[in-house]
Amino acid sequence: MSAPLERFVVGIEGPVVTEAERRLYSASPPLGFLLLSRNLLDAAQAAALLTELRSLGDPAPLLLVDQEGGPVDRVGPLLGVPFPSPSRCAERGSDAVHDCAFLMGRAARLLGFDADLAPVLDLAQPGTGAVVLSGRCFAFHAEDVVVAGMVFLHGLARAGLSGCLKHFPGLGRGAVDSHDARPVIDVHDVDLMVTDVLPFARLCRASDLVMVGHAAYPGLTGDQTPASLSPRVHALLRGDLGFDGVVLSDDLGMGALHGSLAERAVAAARAGCDVLVASRPGEEVLEAAEGVCRDVPAGPAVAARLARWRRRCREAPRAGWTEEAWAALAGEAAAFVESLERPRPARSGDAEGLPG
């Protein structure tokens, strides 16, 4: 791997590729692009934008979206049907979680996306994460999150999309938003393993991707180092849990991290991140990438993992976007959302929450 941005997932400023962005990314194609709400105005525009971004490299850059439903919903507004939150779907049972993921995945795939940075496996801790993460978590109990996460991944896979488990090793106890500041989750490592880490331990072998968050875990690492920059956290994921897929950093532009983008990227790569996510556009990302190439060159194991992920994305079936297909999918999504508002039929042996 020689091109500086071959380990970076980057962003663009708005709904069109600027001339400066086109020059930058044509000269040094990134591994992928992460598209946010600022980039997506309507379905036709989004599909055209993704087609253009794919043309900027050979091999074509991968196209990523964080489509969770609820507070983090990029494709629902394009359909005219906001998708329900993970917590809302989990309340209705595993079928609802699967069906929502399948519909969201089909919409994302129809637009041209390759991977969804979901599901969230963080536990909804009362009074902290339940407020900070605001509906993004499936449930409080780890076993319920395991069930929901698995069926969510199945729904995405049926739609032809890679999923990504986040935010390892669990952000649910965080009392502050890592976009703004660094959460410190001071829990004994044994307690963390049987609660927050459990969903990742159960599901990591079923996922191509795991995203490491930016919270600090002094009970696990012995210091205040963010998880994304901590070799100890990465050793837990790779060694103890046996994950052999692609490890992504959470967005390196978040307020939980300190220092320049280059310093953050080098530290994340040195700790064990295969992919560095930097969604803020600009020349600074190229400087960061050059620093990573110089100080932490990717070895054959990283190259093999990225090649395997890229191959799986390319082999997944893809249908071109059309107005007719989009309208039909919008109708299905609307019917699904409406079904969640109807009383759930009682069934013998039904338990509350996910089972069912």
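The values are calculated or read from the model by the stated rules, or taken from the named source; none is laboratory data. Note that the coordinates shown come from a computational prediction; the quantities given were computed from them, not determined experimentally. Don't worry about glycine lacking a Cβ; one is built from the backbone with ideal geometry, like all the others, and counts go over all protein chains shown.
For this structure, a couple of remarks:
- On the stretch given as segment 51-76, residues that are in contact with a helix residue (DSSP H, G or I) (Cβ under 8 Å, 6 or more places away or on another chain), within 25 Å of GLY331 (Cβ to Cβ) and in a loop (DSSP other than H, G, I, E, B) total 5.
- Yes/no for ALA48 being among the small types (Gly, Ala, Ser) and either under 17 Å from PRO281 (Cα atoms) or in a helix (DSSP H, G or I) (or both): yes
- Residues that are without any contact (Cβ under 8 Å) to a residue 40 or more places away in the chain, of a type in the set (D, E, K, R) and more than 30 Å from GLU263 (Cβ to Cβ), drawn from segment 187-231: ASP191, ARG205
- Sole residue being within 26 Å of SER162 (Cβ to Cβ), modelled with pLDDT of 95 or more, surrounded by 15 or more Cβ atoms within 10 Å (Cβ to Cβ) and in contact with a Lys or Arg (Cβ under 6 Å, 6 or more places away or on another chain), chosen from VAL197, VAL246, VAL210, VAL233: VAL246
- In segment 12-39, the residue that is surrounded by the most Cβ atoms within 10 Å (Cβ to Cβ) out of those that are part of a helix (DSSP H, G or I), over 23 Å from the mean Cα position of the chain (by Cα) and in contact (Cβ under 8 Å) with a residue 24 or more places away in the chain is LEU24.
- Scanning segment 286-305 for residues that are outside any helix (DSSP H, G or I) and among the small types (Gly, Ala, Ser) turns up ALA298, GLY299.
- Qualifying residue in segment 307-328 (condition: closer than 24 Å to VAL151 by Cβ, at pLDDT 95 or above and either of a type in the set (A, V, I, L, M) or loosely packed, with under 12 Cβ neighbours inside 10 Å (or both)): yes
- Every residue from segment 43-59 that is small (Gly, Ala, Ser), touching a residue at least 24 places away in the same chain (Cβ under 8 Å) and out of contact with any Asp or Glu (no Cβ under 9 Å at 6 or more places or on another chain): ALA46, ALA47, GLY57
- Residue among ASP95, ASP116 that is at pLDDT 95 or above, touching a Gly at 6+ places or on another chain (Cβ under 9 Å), farther than 22 Å from VAL212 by Cα and of a type in the set (Asp, Glu): ASP95
- Matching residues in segment 137-168 - criterion: being assigned to a loop (DSSP other than H, G, I, E, B) and either closer than 19 Å to PRO84 by Cβ or under 16 Å from the mean Cα position of the chain (by Cα) (or both): CYS137, PHE138, ALA139, PHE140, ALA159, GLY160, LEU161, GLY163
- Long-range neighbours under 7 Å by Cβ, at least six apart or interchain, first residue in a helix (DSSP H, G or I) and at pLDDT 60 or above within segment 331-356, second surrounded by 12 or more Cβ atoms within 10 Å (Cβ to Cβ) and of a type in the set (D, E, K, R): PHE336/ASP99; LEU340/ARG88; LEU340/ARG92
- Residue satisfying condition, being hydrophobic (A, V, I, L, M, F, W, C) and under 26 Å from LEU62 (Cβ atoms), within set VAL97, VAL147: VAL97
- Checking each residue in segment 219-234 for being touching a strand residue (DSSP E or B) at 6+ places or on another chain (Cβ under 7 Å) and either hydroxyl-bearing (Ser, Thr, Tyr) or over 26 Å from ASP66 (Cβ atoms) (or both) picks out GLN224, THR225, SER228.
- Positions within segment 92-143 being of a type in the set (D, E, K, R) and farther than 20 Å from PRO77 by Cβ, in sequence order: ARG92, ASP95, ASP114, ASP122, GLU143
- Residues (over 18 Å from GLU6 (Cβ atoms) and buried (at least 21 other Cβ atoms within 10 Å of the Cβ)) located in segment 249-263: ASP250, ASP251, MET254, ALA256, LEU257
- Pairs meeting the criteria (first residue in segment 297-320 and farther than 18 Å from ALA108 by Cα and touching a residue at least 12 places away in the same chain (Cβ under 8 Å), second residue assigned to a loop (DSSP other than H, G, I, E, B) and not hydroxyl-bearing (Ser, Thr, Tyr), beta carbons under 7 Å, at least 6 apart or on different chains) are ALA298/MET1; VAL302/ASP274; ALA303/MET1; ARG305/GLY245; ARG305/ASP274; LEU306/LEU31; LEU306/ASP274.
Here's the yes/no breakdown for (1) assigned to a strand (DSSP E or B); (2) in contact with a Ser or Thr (Cβ under 6 Å, 6 or more places away or on another chain); (3) surrounded by 22 or more Cβ atoms within 10 Å (Cβ to Cβ):
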residue	(1), (2), (3)
ALA118	no, no, yes
GLY135	no, yes, no
GLY172	no, no, yes
ASP177	no, no, no
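- Residues satisfying the stated conditions in segment 239-267, i.e. within 20 Å of the chain's Cα centre (by Cα) and of a type in the set (S, T, N, Q): SER249
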